[in-house]
Amino acid sequence: MDNKERIIKYYNDLDRSCFMDEYKEQSHMDNPFPIGFGQTISQPSLVLKMTILLDLDKNSKVLEIGTGSGYQTALLSKASKIVYTVERIEELHIRSKERLTRLGYTNIKYKLGDGSSGWKENAPYDRIMVTASASKLPNNLVEQLAPNGKMVIPVGTDLILMTKTNGEIKKEVITKVIFVSLVGDY
């Protein structure tokens, strides 16, 4: 089974309703839903698309910016070796950590803080997933990406796949998206 097939299997096995406090009866719908504090749980098809773009393998060290409900985090966790996830809203940080721990995820490290700054202490990362829209590409995150690393990040309304090869940065616009704004010092 290749990486894409593994990710699709994990996605199909993941019960989105476990990550929703409200709207559980609509969790099967391919729509974003509010999770409080002006944040949303993304539509499942976009979560899958973004995860596939990262081309995760079982040895991937992943940084996720924006834990939110923990739905994306769970999928990243299943498909990689370790996930470092940063959430700036304390209540969401606490809820997602409790939820993911209760569901049995053990390869996740949590941080409450400014995601646009990344998590320098554990850098570099093979893959970086950003689940909020930046106004520009945060240099802090680019610097924390390992050689041959990949980052998926919404910038404005563009979903970008960024690849770092031999110190060179390649950006590819994948599609148009709407995300909550990335808040922080970038």
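No value in this document is a laboratory result; all are computed from the given coordinates. What you see is a predicted model, and the numbers here were worked out from it, not measured in a lab. Cβ coordinates were reconstructed from backbone atoms using ideal geometry, including for glycine residues, and neighbour counts include every protein chain displayed.
In the chain, the DSSP-assigned H stretches of four residues or longer account for a calculated mean residue ellipticity at 222 nm of -7500 deg cm²/dmol, using -39500 (n - 2.57) per stretch and the full residue count as denominator. Charges were assigned to the Cβ only: +1 to each Lys and Arg, -1 to each Asp and Glu. The resulting dipole of the chain about its Cα centre is roughly 380 debye.
The C-alpha atoms of the chain define a longest principal axis, and helix 90-102 lies at about 70 degrees to it. Proximity of backbone amide H atoms, modeled 1.01 Å from N, is registered between Val180 and Ser133 at under 5 Å, excluding neighbours fewer than 5 places apart on the same chain. R0 = 25 Å: FRET efficiency of Asn139 with Lys109, Cβ-based, nearest 0.05? Efficiency at R0 = 25 Å is approximately 0.65. For the pair Lys120 and Met29, a Förster radius of 35 Å applied to the C-beta separation gives a FRET efficiency near 0.40, rounded to the nearest 0.05. In this structure, the amide hydrogen of Tyr84, modeled 1.01 Å from its nitrogen in the peptide plane, lies closer than 5 angstrom to those of Val62, Leu63, Glu64, Lys109, counting only residues at least 5 positions away or on a different chain. Under 5 Å from the amide H of Tyr125 lie the amide H atoms of Leu145, Ala146, each residue being 5 or more positions distant or on a separate chain, with H modelled from the backbone and absent for Pro and chain starts.
Measuring r between the beta carbons of Ile8 and Glu91 and using R0 = 22 Å, the FRET efficiency lands at 0.10.
Highest mobility in the GNM of the chain, judged by mean-square fluctuation with C-alpha springs under 10 Å and restricted to Lys61, Lys109, Lys78, is found for Lys109. Between the residues Val155, Ile128, Tyr105, the greatest Cα displacement towards the positive end of the dipole of the stretch 89-161, with unit charges on the Cβ of Lys, Arg, Asp and Glu, is found for Tyr105.
Take Cys18 and Ile169, extend 7 Å from each Cα along the Cα→Cβ direction, and tell me the distance between the two endpoints in nm. So the two model labels end up 3.6 nm from each other. Shape analysis of the chain yields a ratio of the Cα radius of gyration to the Kirkwood radius, Rg/Rh, of 0.92.
Taking label positions 7 Å along the Cα-Cβ direction at both Ile178 and Thr101, the computed distance is 3.6 nm, reported to one decimal. For the listed residue pairs Lys58/Lys170; Lys9/Lys136; Lys9/Lys109; Lys24/Lys61; Lys24/Lys58, the alpha carbons are over 28 angstrom apart in Lys9/Lys136; Lys24/Lys61; Lys24/Lys58. Compared with the dominant principal axis of the Cα atoms in the chain, helix 44-54 is inclined by about 30°.
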